[in-house]
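Only one structure is covered here, and it is reproduced in the block below.
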Amino acid sequence: MANTCAICGATINVLQSQKLMDGNYICTKGCRAKGLKYYDYVHSDLDNVKDHIHQTEVGTKIWQDLMEPLKKTRDKNQKMQSFHPIYIAPSLGLIAVIEARGGLFNTKTYACVYRLENLQLYRTERMPARTSGSDKDKMCVHLGFVHTKGLNDVYIPFDDETRCHQCVDYLNKLFGLDDSFRSGIKKSVTQFKATKSMWDLAKAKKNGENLEEKAKATVDAFGATIIGDRTQFKDAADQALAGYDLDQALFGLVS
Ligand SMILES: [Zn+2]
């Protein structure tokens, strides 16, 4: 039985088809490959998938232009921190999740790029085997971004658990939150409420509800005392992205 890709119109057999939550199919080779493997296609509808593909196109360009060059920089002020595949560039106010594909000599890197100011949730979590695609549970870094369409609730599995904790520790330092403060609020009701709002937000996304109200509630629940001061990252990102025409692409990159 053949399906039709809802994006490019290609005729595809079952093995070439990715079924979406709304019953649409997209082709795996052409269209799904334009997004990242971290995207949850099974629980997404066609509009969300299109947003994610656009997000990856824009992100890949910004990665190539602004972030990849920082890998080789010797300038300490421009340094980019790598917790592959997560890259954090404080001087640009940006954080990227990348995926490199291809062979040794023809690697192509795809990226989703986010403003650090929109990173509202980051923590280590244990990912069950069936979700991580491996045969055992894996530790992952869970990143949640507000004001962001497409891939905004990201789980990155790591083979090395230490790297997960290092990544979260690094972000705490970056936002000026020390460990004791973080562990203190982890137990607090505020944290519980905030976390719950994030989940509501993710659920709302999947149900196609109005996100504006939910997003605002999420931000309010966190509050500046918990997320740290993000002003410098907002300014840096405004400056870094000034040359890009992002009006049509509201993927967390437009301030
Ligand atoms: Zn297609």
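The values are calculated or read from the model by the stated rules, or taken from the named source; none is laboratory data. No experiment lies behind these values; they were computed from the predicted model shown. In this analysis, Cβ positions are derived from the backbone assuming ideal geometry, glycine residues included, and neighbour counts consider all displayed protein chains. Just so you know, the surface numbers come from the protein's heavy atoms only, side chains and all, with ligands and any DNA or RNA stripped out. Shrake-Rupley method; radii C 1.70, N 1.55, O 1.52, S 1.80 Å.
Please go through segment 26-48 and give me each residue that is more than 9 Å from the ligand (Cβ to nearest atom), outside any helix (DSSP H, G or I) and open to solvent by 70 Å² or more (accessible area, probe 1.4 Å), ordered by number.
Lys37
Any idea which residue in segment 4-13 is farthest from the ligand (Cβ to nearest atom), counting only those that are part of a loop (DSSP other than H, G, I, E, B) and open to solvent by 30 Å² or more (accessible area, probe 1.4 Å)?
The initial filter retains those residues of segment 4-13 that are part of a loop (DSSP other than H, G, I, E, B), namely 5-10, 13.
From the residues that got through so far, the ones that are open to solvent by 30 Å² or more (accessible area, probe 1.4 Å) too are 6-10, 13.
Details: Ala6: 8, Ile7: 5, Cys8: 3, Gly9: 7, Ala10: 5, Asn13: 13 Å.
Of everything passing the filter in segment 4-13, Asn13 is farthest from the ligand (Cβ to nearest atom).
Specify which of the listed residues (Met67, Met80, Met1) is more than 23 Å from Pro157 (Cα to Cα) and more than 14 Å from the ligand (Cβ to nearest atom). Quick ask: steps written out before the conclusion?
Working: Met67 fails: more than 23 Å from Pro157 (Cα to Cα); Met80 fails: more than 23 Å from Pro157 (Cα to Cα).
Step by step, each of Met67, Met80, Met1 is checked, and only Met1 is more than 23 Å from Pro157 (Cα to Cα) and more than 14 Å from the ligand (Cβ to nearest atom).
Looking at (1) more than 16 Å from the ligand (Cβ to nearest atom); (2) in contact with a Ser or Thr (Cβ under 8 Å, 6 or more places away or on another chain), find the lone condition where Gln16 falls short.
(1)
Kindly indicate which of Arg115, Arg101 is touching a Lys or Arg at 6+ places or on another chain (Cβ under 6 Å), assigned by TED's automatic domain parsing to the domain that holds His165 and either within 24 Å of Cys140 (Cα to Cα) or open to solvent by less than 30 Å² (accessible area, probe 1.4 Å) (or both). Steps first, please.
Working: Arg115 fails: touching a Lys or Arg at 6+ places or on another chain (Cβ under 6 Å).
The conditions single out Arg101.
On the given criteria, is Glu57 within 15 Å of the ligand (Cβ to nearest atom), of a type outside the set (A, V, I, L, M) and under 24 Å from Leu92 (Cβ atoms)? Working first, answer last.
Numbers: within 15 Å of the ligand (Cβ to nearest atom): yes; of a type outside the set (A, V, I, L, M): yes; under 24 Å from Leu92 (Cβ atoms): yes.
Considered against the rule, which asks whether it is within 15 Å of the ligand (Cβ to nearest atom), of a type outside the set (A, V, I, L, M) and under 24 Å from Leu92 (Cβ atoms), Glu57 comes out as yes.
Can you tell me which of (1) in a loop (DSSP other than H, G, I, E, B); (2) surrounded by fewer than 21 Cβ atoms within 10 Å (Cβ to Cβ) is the one Leu92 doesn't meet?
(2)
For Gly23, state whether it is part of a loop (DSSP other than H, G, I, E, B), outside the structural domain of Leu151 (by TED's automatic domain parsing) and within 9 Å of the ligand (Cβ to nearest atom).
no
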